[in-house]
Every structure is written in C-alpha cells, then in structure tokens.
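Okay, so here's the structure we're looking at.
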Amino acid sequence: MTPSASANPRRLRIGIGGIGIESSTFCPHRSTTDDFRQTRGQDLLDRYTWTSEDSDLAATVEWVPLLHATSLPGGPVEAESYLILKDELVTRIREAGPLDGLVYDIHGAMSVIGLTDAEADLTEAVRAALDAVGTPDGTGRPMMSTAMDLHGNVSRRFAEPIDLLTAHRLAPHEDAWDTRERAARNLVRCLLDGTRPHRAWVQVPVLLPGEKTSTRLEPAKSLYASLAEIEQLPGILDAAMWVGYAWADEPRCKAAIVVTGDDAERAAAEAEKLARRYWDARRDFVFVGPTGSAEECIEKAVASAARPFLISDSGDNPTAGGAGDLAYMLEKLLANDDVRAGRVTAVHPGITDPAAVARCFQAGVGAEVTLSVGGKVDANHGGPFDLTGTVVALQRATDQKDRAEGGAYDRGVDMAAVRHGGLTVILVERRKPFHTLADFMGPAEGGLGIDPRTYDLVIVKIGYLEPELHDMAADWLLALTPGGVDQDLLRLGHHRVERPLYPFDEDAYEGAAPDLTPVRLGPLAPLAP
C-alpha cells in the first residue's frame, strides 16, 4: 500500500489509549485498579517517541491522549476494577470530540471475572464510542489501529471492529516499542491515503507456552522473520502472528494470523500460507532452553563449574501471570546440602510476602528472624515455608520511572534480603519481576546492593531469560515448576478451550489438516447517514 499526499491540509486528530494486562485464569491472584499504572495527558504522550514535537509526524498529527492503563501480569481482573477503567476510557473518547483514528495500545490476554473475551468486550465499547464522536470532517468513521503482544488472543469478535492489527515479532519483546510505532504509522498512512484495508483472519488450533515459541529458536525465528517480508509484497500493509496465551482457559486462546492490505486476495493467500506453516511446525516447537524438575536443575547447577548459573522458576513467573509468592523453589534450594551449608551460594529473588517484609524492617539489618514465607496467595503448591535467617539488606520503595517496556513493572516496592546458609532470599512486599541488574542492586543509596553476578546460582521467577539476564548467565536451566503459569499445560486442567487443540489433542487431525481458510473481513463500512 503506497500512501498518497493528503488532500486535506488539516492535521489528523488521533487518540491514544488502551488497557493492557496478561491474566492467568489458573492463578488465585486477583488484579485490581491498584495494580495498573495509569497515564493520562502529557504523561501518556511522553511514553512514545513519535508523539514528540521533534517527530516527523508532528506537523501531520495532533495526538489526543485518553487513558492508558497497564499492569504487571497476574490473575484475572476483578469486574469492578475493569469497569472503572473501561468506563473512563470510553468516556474520554466521547469527551475528546471527533477523531480521525485511535492507536489502541493493549496486550490482548486480559481476563476479567465474568467475561469470556474481555478484549472483545472492551473493543466493542471503544468502537461504539469512536463511532459516536465521528470524524472531524463528518464524512467517515474513525479508524482503529491496535498494537498487541504476540501472546495475546485474537478472536473474530475482537478483530472485526478493528481496522488494523499488528503484534510484536520478537520474544523476548525487544521490539515492543517498534510495534506501537508501526501501529501508529500504519494508521497515519491509511488516513492520509484515504484507504480502509481488507483483513484476512484465521485461528490455528495450537496453544503453546511462550517458552516454546521464543524467536531465539526455530521454527518461531523464521516464521516471525517472514512477516516483514510479507508486508513488502504489493497490496499488503502488515502481517501479524499471535501464538496466543496458554494460561487462560477461554475459547479464544489459540494461535492466530491477520494479514492486512488493500489486495484482499493476496492478504487471504498469505494468511493461509502462514497458518499452514504454523500448523505444520507445531511439533517442532521446543523449550527455549534445557529443562528439568526443580531438584534436577538445582543438582546440575550445583555440580557445574559455570558461574553464575541461572535457573528459571517458570511456573510462578509474575511476568506471565503467576502469583509470585510460591516458596516451592525456596524449599528445594534449602533441601540441597551444599546450598544449606554455604558451600554453594545462591540468590533467589522475588517471593511476594508483605508481612514477611514488614517483619524484616521491624527487626532491622543484622537481626535473626523466623518467617512464614510465601504461599498466602497461591496456597496450592506447598503453602508457606518456615525460614530462619539473618536480615542482610533492606530497601524502601522508590519512585522509579518506566523502563523501556513500560507498564507497572517498575513500581517501587519494599524489599528485604534474608540469608540462610549459602542462600540469600529477596522478599518483596508486592509482586515484582527481577529482569535486570538494577532490580537486584537498587539505587546507588538505600538499595539492596546485591550483585547476582557474584553468586554461584541465581534462581529467578521467570520463563525465558530477559536480555540482561541472558547475557549474564554462564549457563541456564528452565525448571518446570508448578504454579499458575505451569509450562506443563496438560496438568493445569483446561476445560473451556475449543477442542480439538494441540497439544491437548495430539492425534485429532491425523490424516487431515484442520480447515485453515481465512475469514475475509472487508473494510469497515462507513456509518449510515
């Protein structure tokens, strides 16, 4: 699609807003408005580089900030909290006045108590509000362009009201901000050109965890690399692929393809080819690293000469939706003679327990404490663990700005480090990931000052390693631990997903592939006069 010069000298009015969270329906945690970092006004615009006065789009677009709310992944959102955020976003659209379009910045895997397709519910309300305000020239309906995480879900009900859909192409998501910019520029391009694209949508009956679909490895690496090639074809604007979200038990959860462009035939053909390639490769997806049980991973790490040796406590990963308070790995670590005796040093950050943290602050650095750690939110995998140790560091919550990935990941939290034998456990008063050296070290003054590079073992509540941890690791193992984001999908108990679905139904399509013919979603019709 080649944009032409706009015949309209006025600046486009484009809103920006959305609600984003990844929600495990297998996690007992419940997300509320308090979990969401909410930005409005200039703070919202400041999240993006392409909204600045120095951007090449400045003379073309007036960006209209609405509401953006994003949260660390967790359990389903409470209905009342969802309605508060949804109502504000819809109200702000209606109050914004006529808009040419909306950059819809979401995740795509939000679950809400009482809903089966939260993003579809939100999107229908947003579309209705946009249609109500209309466009500044009064001749059309505002266009929506959606930026999503590739672990989101794309039901037909969700896709139909949206003109443009795109998603990340890297996992880990080092291109998250590129995705948002692509969504914005595709929208501007269509508005200037006066075109409304065709969309070819198809779901693939495959549901895999992110740790099996990392773009660091084949076949995801080549599949996702091909998207940029497809969008260079004549008549194609964008190609997107979603692996879906494996830890929600909802009918919409499966892989999806959307190809967008002004050539409906080519978009449909490319979408079907992508869907067939994904289906044919379903058995080729493997874990991004070597795996084992918690005990196996600890034993191998202790025996290894590689330092630091990282282990992922993958089943309780808060950045995938886990509760983050399981003491499962803590118990396994202290069951190891070498760790317990201090012959091997280890640091295990991120167990959420506000009461234990408060007790450590009350006792002070240097005090010996006996704590009941973890297992208060997710009590299904061992419950609390009785830990006796010495408080070695404390850090008060600090007001930190968003890192590049944005969201609520960097909200300041009180933290306490407790040492028993060779193990240092970092407790946090609210769910927090540990992705970077700064997460361990803290600010120059008043931080924990724990350098994970100085420990033999680093056991992190994460799945695949984020870039800084990946670079830090001399070696690494993915522990297949229990929790709300268990990598072993078959033991979680899905019962609402649409069947047949791989890998739940391994042999359902033996001898005959599923129907992967895309649904052709034509350009959204103009509003009736």
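For the structure I just gave you, tell me whether GLY366 is at pLDDT below 95 and more than 17 Å from VAL458 (Cα to Cα). Here the answer is no, as GLY366 does not meet what is asked. Inspect all residues belonging to segment 8-15 and state whether any of them is surrounded by 23 or more Cβ atoms within 10 Å (Cβ to Cβ) and outside any loop (DSSP other than H, G, I, E, B). Yes, segment 8-15 has at least one match. Filtered by the rule that a residue be more than 20 Å from TRP63 (Cβ to Cβ) and within 21 Å of the chain's Cα centre (by Cα), segment 132-155 gives ASP149, LEU150, HIS151, GLY152, ASN153, VAL154, SER155.
Tell me, which strands (runs of 3 or more DSSP E) lie completely within segment 438-521 with 3 or more residues that are farther than 30 Å from PHE158 by Cβ? Walk me through how you get there before you give the answer.
Working: elements: 457-460, 475-479, 519-521.
The qualifying strands (runs of 3 or more DSSP E) are 457-460, 475-479.
Restricting attention to segment 471-505 and to residues that are under 22 Å from the mean Cα position of the chain (by Cα) and without any contact (Cβ under 8 Å) to a residue 12 or more places away in the chain, the residue that is surrounded by the fewest Cβ atoms within 10 Å (Cβ to Cβ) turns out to be ASP471. For segment 227-341, the helices (runs of 4 or more DSSP H) that sit wholly inside it and include 3 or more residues that are within 27 Å of LEU465 (Cα to Cα) and either over 26 Å from the mean Cα position of the chain (by Cα) or of a type in the set (Val, Ile, Thr) (or both) are 294-303, 328-334, 337-341.
Under 30 Å from ASP325 (Cβ atoms) and in the same structural domain as ALA183 (by TED's automatic domain parsing), is that true of THR39? So THR39 fits the description; yes. Taking the conditions exactly as written (out of contact with any strand residue (DSSP E or B) (no Cβ under 8 Å at 6 or more places or on another chain), under 19 Å from ASN380 (Cα atoms) and of a type in the set (A, V, I, L, M)), does LEU527 satisfy them or not? No: the conditions fail for LEU527.
Picking from ASP262, ASP316, which residue would you name as being among the acidic types (Asp, Glu), within 23 Å of LEU427 (Cα to Cα) and crowded, with 19+ Cβ neighbours inside 10 Å?
None of the others qualify; the one that does is ASP316.
Summed over segment 122-148, the residues that are out of contact with any helix residue (DSSP H, G or I) (no Cβ under 8 Å at 6 or more places or on another chain) and buried (at least 18 other Cβ atoms within 10 Å of the Cβ) give a count of 3.
Summed over segment 50-82, residues that are within 21 Å of the chain's Cα centre (by Cα) and either of a type in the set (D, E, K, R) or surrounded by fewer than 15 Cβ atoms within 10 Å (Cβ to Cβ) (or both) total 2. Checked against (1) touching a residue at least 12 places away in the same chain (Cβ under 8 Å); (2) outside any loop (DSSP other than H, G, I, E, B); (3) within 26 Å of THR49 (Cα to Cα), TRP201 passes all but a single condition, namely (3).
The values are calculated or read from the model by the stated rules, or taken from the named source; none is laboratory data. This one's a predicted model, so the numbers in the text were calculated from it and none came from an experiment. Virtual Cβ from ideal backbone geometry, glycine too; neighbours counted across all protein chains shown.
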